[in-house]
Amino acid sequence: MAQAKKKRSSKHRGNAAGVVETRGRTGRPLNEREQSKNKAASSSKRAAPRGPGGRPVRPPSWRSAATRSVVAVVIFVAVLSLLLKVPINETMPVAGLMLVFYVPLSYYTDRWLYRRRLAKDAAARKGKR
C-alpha cells in the first residue's frame with residue numbers, strides 16, 4: 001500500500017527533558033567579511049562576569065545577605081537546642097545578636113568577592129587584547 005504521508009528526512013532532536021538541541025549552522029560557510037562582521041558585533045557587547053560553572057555573577061544584595069544569615073542562625077539555634085539541649089529562651093538572645101552581626105558581615109563579604117571577580121575579569125579581558 002502506498003504511503004500517505006512523507007517520511008521525515010531527519011531525526012527529531014529532542015532529548016529526555018524535551019529540549020530540542022539545534023544542529024548548528026548547516027548552510028554555506030561564512031566568507032571573511034561576514035565573519036569579521038559577526039566578531040565585531042559580538043565583541044562590542046560587554047560580557048557579564050562569569051562565576052564557576054559559567055553562571056553570571058550577580059551583584060550582592062542585602063536581601064541575599066539577610067537570607068543567608070537567617071539560615072545560619074536557624075541552624076545554630078537548632079544545633080544548640082536539639083543536640084546540646086540548651087533551653088530555647090537562652091539561645092534567642094544569642095541568635096538575635098548573631099543576626100545583627102551576620103547580615104552586614106555577609107553583605108560586605110559578598111561585595112568584596114564581587115568586586116574581586118569584576119577586577120579579575122577586567123584584567124583577563126585586558127590581557128586578551
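Values for this structure:
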{"quantity": "Residue list for region 56-91, filter: of a type in the set (Gly, Ala, Ser) and closer than 18 Å to TYR108 by Cα", "calculated": "SER61, SER64, ALA65, ALA66, SER69, ALA72"}
{"quantity": "Selection status of ARG115, surrounded by 11 or more Cβ atoms within 10 Å (Cβ to Cβ), touching a strand residue (DSSP E or B) at 6+ places or on another chain (Cβ under 7 Å) and at pLDDT below 95", "calculated": "no"}
{"quantity": "Among the residues listed as ALA95, ALA122, ALA78, the single one being among the hydrophobic types (A, V, I, L, M, F, W, C) and closer than 29 Å to GLY54 by Cβ", "calculated": "ALA122"}
{"quantity": "First in region 75-86 and in a helix (DSSP H, G or I), second anywhere and buried (at least 16 other Cβ atoms within 10 Å of the Cβ), Cβ under 7 Å, 6 or more apart", "calculated": "PHE76/ALA95; PHE76/MET98; VAL77/THR91; VAL77/ALA95; LEU80/THR91; SER81/THR91"}
{"quantity": "Selection from region 70-106 of residues that are of a type in the set (Ser, Thr, Tyr) and either more than 25 Å from ARG117 (Cα to Cα) or modelled with pLDDT under 95 (or both)", "calculated": "SER81, THR91"}
{"quantity": "Hits in region 30-47 - residues which are within 34 Å of the chain's Cα centre (by Cα), assigned to a loop (DSSP other than H, G, I, E, B) and modelled with pLDDT of 65 or more", "calculated": "LEU30"}
{"quantity": "Qualifying positions in region 57-74 - surrounded by 12 or more Cβ atoms within 10 Å (Cβ to Cβ) and assigned to a loop (DSSP other than H, G, I, E, B)", "calculated": "VAL57, ARG58, PRO60, SER61"}
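The values are calculated or read from the model by the stated rules, or taken from the named source; none is laboratory data. Please read all numbers here as calculations on a predicted model, not as lab measurements. Here the Cβ is made from the backbone with ideal geometry for all residues, glycine too, and neighbour counts use every protein chain on show.
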